[in-house]
Amino acid sequence: MDNLSTFPLELPADDKPMVRFQNVTKRYGALTVLDNLNLDVAEGEMVTIIGPSGSGKTTVLRMLMLEQIQGGVIYVDGRPITHMNKGGKLIPASEKYIRVAREDVGMCFQHFNLFPHMTAIQNCMEGPVQVLGMSKKDARERSEELLELVGMIDKKDQHPSRLSGGQQQRVAIARALAMRPKVLLLDEVTSALDPEVIGEVTEVIKNLVTAHNLTIMMVTHQMGFAREISDRVCFFYGGRIEEQGSPAELFGNPRKERTQQFLSAVKSAD
Amino acid sequence: MEWRWDFTWEIMPKMLAATGNTLIAAGLGYAIAIVVGLMLALAQRTPYRPVTLMVREFVEFIRSTPLVLQIFFVYYVGPQFGINLSPWVAGMIAIGLHYSAYLSEVYRGGIESVPAGQWEACRSISLSTRDTYFRIIIPQALPPSVAGMGNYLVGIFKDTPMLSVIGVAELMHAANAIGGQHYRYLEPYTIVGVVFLLISLPSAGLIRAFETWVRRKLGMT
């Protein structure tokens, strides 16, 4: 465990990225998945994380959402989400603190994880009503707007079992956005989809990036898509960022040998 | 010994009244078991080790000792500690607790059958633990639990005769009393058997129908 007093209680206004990983370490038993990671994501930035399996790329997203870390601090919008301020000192956050702090972070999953016993619009309304305390009427209006945005308004009263994978993922995106997150995490959201429906999901994401200035962190295997819409691409290897840069730099002119190997391997697989 | 229809009709009103008590006993006991069973299942999932261990042991203890012993225990040992309960109250506690242990296992299996992704989705929209269980996880755990829950409903119904040992006036108790009074056991016991058969037989089909209904109601077909 590191000395928490060296971490700021809050990030200063002139150095406040939307997301900051500061010396973050994550271990599963003896296995270190993230090794002293430092990563900033600016407000409105679209950062894509690529890398071979086991490189820790999905773990980066899960640290923001689902799991505890063994070292370091993660800040969202300047405030720590893994720790809380108690009497001017950072201490590991309580379950309750984490839940509130995480309201700024939304996530979409590889397997959608929609609630199967609820219709599309009920899925979207669940968080706003139960967590944010919105009235059903307001939550319904917000959810309808978002289902419109992802092109699913016609199917709003359908249960997930009646929807295709692409349609389910679009509803899942609307569900995440209904919480008005500052950061959206996309964890291999197209990996479980049939090739012919991947486009409908990537179109929605593209629209979010260009029209809505949302901060997005995305893990993907679709290099073409990553190249097209990312502001920055991070290549993960062995729990660290091996190389990062603009899509043009990283895909066009990778400097590290491991990056070159990885990119040529996925290219030949395409 | 020969079957006597006049005697059969004579005792029928008493037997039917006792059948009512049997159904009430099964229903009350099951209602207790459904609620307490859920509490036992959820208590085994709390992060507090001592609580989960204690509840686990309690469930194991109930499941590995005979129901009739538990009924005697609540009814006869209770008063020695100053807890005096009527046969009905003692019987309902004993049989309700007994079946809550079995139902908790059914719930546990149902809850474990809900995919991990559902928990993650709940976390992703910051749902509280309580809402996560009662709005997302338990509704999905229900359909796979219905069959097991139904089996134990039939089970508790068939175990109500054990309550006769402490004098609960259910069907078996009535049959014993009538038999002792008239020195004829053939008719009352036969009626008991027929009543249990008539109620138990269609239950399997009803449970299956209910399961389908639950699934449809939850939009999970």
Query raised in the report: If the cut-off is a Cα-Cα distance under 28 Å, which lysines reach B:LYS14, setting aside same-chain residues fewer than 8 apart in sequence?
Result: B:LYS158
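At a 10 Å Cβ-Cβ cut-off, how would you order A:MET223, B:MET92, A:MET46, fewest neighbours first?
Numbers: A:MET223 19, B:MET92 22, A:MET46 26.
Exposure proxy ranking, most exposed first: A:MET223, B:MET92, A:MET46.
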**Report entry** Total charge dipole magnitude, chain A, about the Cα centre, Cβ charges on Lys, Arg, Asp, Glu only, Debye to nearest 20
**Finding:** 680
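Which whole number gives the average count of other chain Cβ atoms within 10 Å of the Cβ atoms across peptide A:109-115?
Values: counts 4, 1, 5, 2, 9, 3, 10.
Across A:109-115, the average partner-chain Cβ count within 10 Å equals 5.
Per residue of A:94-102, how many C-beta atoms from partner chains lie within 10 Å of its own C-beta, taken as a mean? All intermediate terms of the calculation are to be shown ahead of the outcome.
Details: counts 0, 3, 2, 0, 2, 5, 1, 1, 4.
For this peptide, the per-residue mean of nearby foreign Cβ atoms is 2.
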Query raised in the report: Which Cα, out of B:LEU67, B:GLY78, A:PHE235, lies furthest along the positive dipole direction of the protein assembly as shown (beta carbon charges, K/R +1, D/E -1)?
Result: B:GLY78
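Using Cβ contacts closer than 10 Å as the measure, can you line up B:TYR107, B:TYR152 from fewest to most? Display every interim value, and only then the final one.
Values: B:TYR107 25, B:TYR152 21.
Least crowded to most crowded, the residues run B:TYR152, B:TYR107.
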Query raised in the report: When the Cα centres of the range B:21-96 and the range A:89-104 are compared, how far apart do they sit, in Å?
Result: 39
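Just want to confirm a number: the relative contact order over chain B, from Cα pairs under 8 angstrom separated by 6+ residues, in percent. Display every interim value, and only then the final one.
Numbers: 226 pairs, mean separation 62.3, N = 221.
Across chain B, relative contact order equals 28 percent.
Sum up the charges of everything whose Cβ sits under 10 Å from the Cβ of A:LYS16, counting Lys and Arg as +1 and Asp and Glu as -1, but leave A:LYS16 out.
Details: positive: A:ARG20, A:ARG79; negative: A:GLU10, A:ASP14, A:ASP15, A:ASP40, A:GLU43, A:ASP77.
Around A:LYS16, the surrounding residues sum to -4.
Using 21 Å as the Cα-Cα cut-off, could you pick out the over-long pairs in A:LYS26/A:LYS57; A:LYS155/B:LYS217; A:LYS156/B:LYS217; A:LYS26/A:LYS86; A:LYS137/A:LYS182? Could the numbers behind the result be given before it?
Numbers: A:LYS26/A:LYS57 12 Å; A:LYS155/B:LYS217 18 Å; A:LYS156/B:LYS217 17 Å; A:LYS26/A:LYS86 23 Å; A:LYS137/A:LYS182 23 Å.
Too far apart for the 21 Å limit: A:LYS26/A:LYS86; A:LYS137/A:LYS182.
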Query raised in the report: Between A:GLU43 and A:LYS182, what length in nm is gained on full extension when 0.36 nm per residue of separation is reduced by their alpha carbon distance?
Result: 49.2 nm
Query - Size of electric dipole in chain B: Cβ of Lys, Arg +1 and of Asp, Glu -1, about Cα centre, debye, nearest 20 - result: 700
Report summary line: Quick calc: nm separation of the 7 Å Cα→Cβ label points for B:THR212 and A:ARG99 -> 3.9
**Report entry** Cα-only Debye scattering, the range A:78-164: base-10 log of I(q)/I(0) at q = 0.20, 0.23, 0.25 Å⁻¹
**Finding:** -0.97, -1.13, -1.24
Requested in this report: Would you please give the residues with an amide H less than 5 Å from that of A:HIS83, counting only those at least 5 places away or on a separate chain, with H modeled from the backbone geometry?
Outcome: A:ILE74, A:ALA93
Query raised in the report: By the gyration tensor of its Cα atoms, with a ≥ b ≥ c the square roots of the eigenvalues, what is the shape of chain A: rounded for a/c under 1.5, prolate for a/b over b/c, or oblate?
Result: oblate
Requested in this report: Would you mind giving the average projected area, over all directions, of the Cα convex hull of the range A:136-270 in nm² with one decimal?
Outcome: 9.4
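Any chance you could tell me what percent of the C-alpha pair distances in the protein assembly as shown go past 30 Å? Kindly include the intermediate steps, with their values, before the conclusion.
On the way: 71754 of 120295 pairs.
Every Cα pair in the protein assembly as shown considered, those over 30 Å come to 60 percent.
Restricting things to alpha carbons, find the Rg to Rh ratio for chain B using the Kirkwood radius for Rh.
Working: Rg = 20.9 Å, Rh = 19.6 Å.
Ratio of gyration radius to Kirkwood radius: 1.07.
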Report summary line: Fraction of alpha-carbon pairs in the range B:44-163 farther than 16 Å apart, rounded to whole percent, equals 69
Query raised in the report: In the neighborhood of A:VAL201, defined by Cβ-to-Cβ distances under 12 Å, what is the net charge if each Lys or Arg adds +1 and each Asp or Glu adds -1?
Result: -3
Query raised in the report: Ranked highest first by the average count of other Cβ atoms within 10 Å around their residues, in what order do A:231-243, A:173-185, A:255-267 fall?
Result: A:173-185, A:231-243, A:255-267
Requested in this report: Give the Rg/Rh ratio for the range B:115-221, taking Rg as the radius of gyration of the Cα atoms and Rh as the Kirkwood radius, to two decimals.
Outcome: 1.25
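Given contacts defined as C-alpha pairs under 8 Å and at least six residues apart, what's the relative contact order of the range B:1-112, whole-number percent?
39
If you add up the charges near A:GLU67, with Lys and Arg at +1 and Asp and Glu at -1, over every other residue whose beta carbon is less than 15 angstrom from its beta carbon, what do you get? Intermediate results must be reported in sequence, preceding the final value.
Details: positive: A:LYS26, A:ARG27, A:LYS57, A:ARG62, A:ARG99, A:ARG102, B:ARG123; negative: A:GLU95, A:ASP187, B:GLU120.
Here the charged neighbours net out to +4.
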Query - Value of D in µm² per second that Stokes-Einstein yields for the range A:1-139, Kirkwood Rh from Cα pairs, at 10 °C (1.306 mPa s) - result: 95
Report task. Using only Cα atoms, tell me the angle between helix B:5-43 and the longest principal axis of chain B; keep it within 0 to 90° and round to the nearest 10. Result -> 20
Report task. May I have the convex hull volume per residue, in Å³, for the Cα set of the range A:120-197? Result -> 93
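Per residue and in cubic angstrom, what volume does the convex hull of the Cα atoms of the range A:82-133 have? If you can, show how the numbers build up before the last one.
Numbers: hull volume 5.6 nm³, N = 52.
Output value, Cα hull per residue: 107 Å³.
Could you calculate the FRET efficiency of A:LYS267 with B:LEU23 from 1/(1 + (r/R0)^6), where r is the beta carbon distance between them and R0 is 45 Å, rounded to 0.05? Present the calculation step by step, with values, prior to reporting the outcome.
Details: r = 71 Å, r/R0 = 1.59.
According to the calculation, E is roughly 0.05.
Counting other beta carbons within 10 Å of each residue's own, what order do A:THR210, A:THR25, A:THR48, A:THR59 fall into, fewest first?
Details: A:THR210 10, A:THR25 17, A:THR48 26, A:THR59 22.
The fewest-first ordering by Cβ neighbours comes to A:THR210, A:THR25, A:THR59, A:THR48.
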Report summary line: Rounded to 0.05, the calculated FRET efficiency for the beta carbons of B:LEU85 and B:ALA116 at R₀ = 25 Å is 0.05
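Each reported figure results from applying straightforward, stated rules to the coordinates on display, with no laboratory input. Keep in mind the model is a prediction, meaning the values are calculated, not measured. All Cβ positions, even for glycine, are placed from backbone atoms using ideal geometry, and neighbour counts span all protein chains on display.
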